[in-house]
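> Shown below is the structure under consideration.
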Amino acid sequence: EGSSYTMLQMSKPPEEQKKTGFFGKMMKKVDGCDIEVSFKDKTVDGKILVEDRQEFSSQKMYLFSGKEPVAGKFILLPKGKITHQGILIEFVGVITVNADKEERVEFMRKEKKYQPDGGTLCDRTPLEFNFDVEKEYDSYRGVNAKVQYLLKLTIKKSMVNVSFKEELWVSIIDDQFQELNDRSEDKPYARETDFSKGVRMEVGVDDVLHIEFKYDKKIFHIKERVVGQVGFKVAK
C-alpha cells in the first residue's frame, strides 16, 4: 500500500537493464515515419518512474537537473516519400491546473526550425537539438495541478502533421542545495516519503480537533518545494 504513494522511484525494466551507452534512446512509430530520439549523457538505466495520482497511471522519464542542457538528436526514418512544409523541434514548459475547467499556462518555450521553407524526406534524417536553458520549476504531479516539460517534434504537412512528444522530469534541487539536507540518503529527484524522520507538529482546535503536520526534512532551501502530510484527528 505504501508504494502506491511513492511519486518517484528508480525503474529498470527487465528488457532494458542491459542497454547502456552514451545515449538513451527510444523509438516511436507514427503514420508514414518512425521517429527515434536520443539524449546526450542519458541511459535507459537512468530513467525514473513517475506516478500520476490524478490519472492513476505511471510513466518512465529521463531525469534532468535545473541547469542541465536538454541535448540529443532525433532520427527520422520515413517509410516512403514525405513532402513537408517545415520541421519544428520545441522544448516547452507548461503548468496545468484542474479547477472548474482545465487551465494551461505556458511559462517557457524554446524552438529550433529545420527546412522552414519545406522539403522532402526520403531517407534516414538526423536532427540535432540543444536547449541550454535554465528551467524555472520542478516537475510536479498532483491531484489538482502538474508542471510538465515537453520535448516536441512536428513535421508540418498540408493535411495531417506528423508529431512526437516526450515528457522529461526536471529537478531544480541541484548539488549545491543538497548540502542543506539533514539526511544523507536524500536524493535530488526523489524526496523522502518516511515523514517520521522529519519535523512533526500538532495544533489543537478547542480540544475537539487536532491537526498534525509532518515534513520529510528539517532544513529546506528557499527554492525547494515543501513535501509533507497534513492529518486530522478528532479528539475524544
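The values are calculated or read from the model by the stated rules, or taken from the named source; none is laboratory data. Note that the structure is predicted; figures quoted are calculated from it, not measured. Neighbour counts are summed over all protein chains in view; Cβ atoms, including those assigned to glycine, are modelled from backbone coordinates with ideal geometry. These accessible areas exclude ligands, DNA and RNA; they are computed on the full protein's heavy atoms, side chains included. Shrake-Rupley method; radii C 1.70, N 1.55, O 1.52, S 1.80 Å.
> Identify the single condition in (1) within 15 Å of the chain's Cα centre (by Cα); (2) at pLDDT below 95 that Val94 does not satisfy, given that it satisfies every other one.
(2)
> Also: Among strands (runs of 3 or more DSSP E) lying entirely in segment 36-84, which contain 1 or more residues that are out of contact with any Lys or Arg (no Cβ under 8 Å at 6 or more places or on another chain)? Reasoning before the result, please.
Working: elements: 48-52, 57-61, 63-65, 70-78, 82-84.
Once the strands (runs of 3 or more DSSP E) in segment 36-84 are filtered for at least 1 residues that are out of contact with any Lys or Arg (no Cβ under 8 Å at 6 or more places or on another chain), what remains is 57-61, 63-65, 70-78.
> Which is open to solvent by less than 30 Å² (accessible area, probe 1.4 Å), on the phi > 0 side of the Ramachandran plot, touching a residue at least 40 places away in the same chain (Cβ under 8 Å) and in contact with a Ser or Thr (Cβ under 9 Å, 6 or more places away or on another chain), of Gly86, Gly118? Before you say what the answer is, go through the steps one by one.
On the way: Gly118 fails: touching a residue at least 40 places away in the same chain (Cβ under 8 Å).
Testing whether each residue is open to solvent by less than 30 Å² (accessible area, probe 1.4 Å), on the phi > 0 side of the Ramachandran plot, touching a residue at least 40 places away in the same chain (Cβ under 8 Å) and in contact with a Ser or Thr (Cβ under 9 Å, 6 or more places away or on another chain) leaves just Gly86.
> Please go through segment 134-148 and pick out each residue that is at pLDDT 90 or above and out of contact with any Phe, Trp or Tyr (no Cβ under 7 Å at 6 or more places or on another chain).
Passing the criteria: only Gln148.
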